[in-house]
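Every number in this text was worked out from the coordinates using simple rules, so none of it is lab data. In this text the structure is predicted, and so the values were computed from the model without any measurement. Glycine also receives a Cβ, built like all others from the backbone with ideal geometry; neighbour counts cover every protein chain displayed.
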């Protein structure tokens, strides 16, 4: 068994344990193996071990990987979305995790219509109010939700967040709670379903699951530590 396969087995066991603590089924959590900066061979090892969902944050890095790997894989774009990359993103990724403004959502909707696509998207929420991170402020998301729901080509499946960084995974819990509570409030106010919460990374995914995460984005715990910062995060 490869090291990647061993790591995947350990992460899966941790997910199952977190689900038991929360009274949930492990099948309610989708593990996204964040393969950004890691080579195709590492991804192949994960595929052999049964992993099908992968996350990338740069289209120029992802395109050759997607072309080299089996077509049955599911690709999630987890980086900041740039308008000039939207067309390529929609052509390569089935799920976009970081739609962070009404303007961007409307543009993605137009391109999706041109391409004949109905992409699944998460709305990113800046739960910590950090200037360095994208995302809707909760009050703005509420104010713009009606307009977002008019975008007929986007399937809005839920909310996503990246909480403020900290050394203690438990410190992220209030931010995960706030995202879940915002989701619940939006469902009630707008009579809709937002079934998915994309939250939790290598250091805090167990806490995120305990607070309702349906999609966890785990990279370094599967593929190993990165030697440099990527998108403002180490690992």
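Hey, rough spin-label estimate for residue 5 and residue 41, points 7 angstrom out along Cα→Cβ, what's it come to in nanometres?
The two pseudo-label positions are separated by 1.6 nm.
When the helix-only estimate is applied to the chain (DSSP H runs of n ≥ 4, each -39,500 (n - 2.57), divided by the residue count), what is the mean residue ellipticity at 222 nm, nearest 500 deg cm²/dmol? Could the numbers behind the result be given before it?
On the way: 9 runs with 100 residues, N = 235.
Value at 222 nm, helices only, nearest 500: -13000 deg cm²/dmol.
According to the Cα gyration tensor, what semi-axes, each the square root of 5 times an eigenvalue, does the equivalent ellipsoid of segment 1-114 have, listed from largest to smallest in whole Å?
In descending order the semi-axes read 28, 19, 10 Å.
Taking R0 as 35 Å, what FRET efficiency do you get between residue 87 and residue 185 from their Cβ-Cβ distance, rounded to the nearest 0.05? Write out the running numbers ahead of the final one.
Working: r = 33 Å, r/R0 = 0.96.
So, using R0 = 35 Å, E works out to roughly 0.55.
To one decimal place, what Kirkwood hydrodynamic radius in Å is obtained for segment 116-235 from all pairs of distinct Cα atoms?
Working: mean 1/r = 0.0659 Å⁻¹.
In segment 116-235 this quantity evaluates to 15.2 Å.
If you average the C-alpha positions of segment 128-193 and of segment 41-117 separately, how far apart do those two centres end up, in angstrom?
If we compute the Cα centre of each part, the gap is 20 Å.
Which of rounded, prolate or oblate describes segment 36-77 when judged by the alpha-carbon gyration tensor and an a/c cut-off of 1.5?
prolate
What is the order of 85, 36, fewest Cβ neighbours within 10 Å to most? Intermediate values should be presented prior to the final figure.
Details: 85 16, 36 19.
By the 10 Å Cβ count, ascending, the order reads 85, 36.
Spin-label point model (7 Å from Cα, Cβ direction): what's the residue 58 to residue 193 distance in nm?
3.9 nm
FRET efficiency for residue 113 and residue 74, Cβ-Cβ distance as r, R0 = 30 Å, nearest 0.05? Display every interim value, and only then the final one.
Numbers: r = 23 Å, r/R0 = 0.76.
Using R0 = 30 Å, I get an efficiency of 0.85.
Just to be sure I understand: of the beta bridges DSSP finds with both ends in the chain, what percent are antiparallel, rounded to 5?
Values: 2 of 27 bridges.
Antiparallel: roughly 5 percent of the beta bridges in the chain.
From the P(r) of the chain, can you give the percent of Cα pairs sitting at distances over 23 Å? Provide the component values of the computation, followed by the final result.
On the way: 12860 of 27495 pairs.
Value for the chain (Cα pairs over 23 Å): 47 percent.
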